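See below for the structure under consideration.
The values are calculated or read from the model by the stated rules, or taken from the named source; none is laboratory data. This structure is a prediction, so every number in the text was calculated from the model and none was measured. Positions of Cβ are generated from backbone atoms using ideal geometry, with glycine treated the same way; all protein chains shown enter the neighbour counts.
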Amino acid sequence: MRYGQIREYDIANGVGIRTSIFVIGCTHKCPECFNEEYQDFSAGDIWTDRETEKVIKYLNEDQVEGLTILGGEPFQNTKDLIDIVKEIKKHSNKSIWIYSGYTYEQLIKDPLKKELLGLCNVLVDGLFIKNLKNLKLKFRGSSNQRIIDLDKSKNDKPVLYYADKNI
């Protein structure tokens, strides 16, 4: 897997201070994507055990509330991310948010994607749609995108996540 960056402290992509992994590669090509440079599968650097160790170290900091995985498209890097997230979870029980252009309903139909989803706590789903762009929304760019509580969702019934009334 390739990645574009690891942010030790990120307050824009989930509740609280988070560590974020930006994976490389996405075929969705949403117009006005905020991470267009991460669409190219050959960009960025190759992920190694060193990066996994760095993320674990960051997650062990008291002020870091959890991990966020975005990109690119995490679910186009599913196999590698499953192994990485499993290793991270051996050393941290902090929450994991994951972003995807795919919807929850699409993800649960694919066994590998569903496995990665099962390792996470919150999903922000749906393509960014330029005509539905809303800068007032927290943690997402367009009003079609949902924030889903994966711990409460059952099979084909997603449950929306609301950390506060402003989401």
Assigned to a helix (DSSP H, G or I) and surrounded by 14 or more Cβ atoms within 10 Å (Cβ to Cβ): does that describe residue 82?
-> yes
Filtered residue count, segment 22-74, keeping only those that are assigned to a helix (DSSP H, G or I), farther than 22 Å from residue 127 by Cα and under 18 Å from the mean Cα position of the chain (by Cα) | 7
Which one of the conditions (1) over 21 Å from residue 147 (Cβ atoms); (2) in contact with a Lys or Arg (Cβ under 9 Å, 6 or more places away or on another chain) does residue 53 fail to meet, given that it meets all the rest?
-> (2)
Limited to segment 90-111, what total is found for residues that are surrounded by fewer than 15 Cβ atoms within 10 Å (Cβ to Cβ) and either at pLDDT below 95 or not in a loop (DSSP other than H, G, I, E, B) (or both)?
-> 5
In segment 131-167, which residues are loosely packed, with under 12 Cβ neighbours inside 10 Å and touching a residue at least 40 places away in the same chain (Cβ under 8 Å)?
-> 155, 156
Number of positions in segment 129-165 that are part of a strand (DSSP E or B) and either modelled with pLDDT of 95 or more or small (Gly, Ala, Ser) (or both) = 5
Using the structure shown, decide if residue 25 is within 27 Å of residue 138 (Cβ to Cβ) and either in contact with an Asp or Glu (Cβ under 8 Å, 6 or more places away or on another chain) or touching a residue at least 60 places away in the same chain (Cβ under 8 Å) (or both).
-> yes
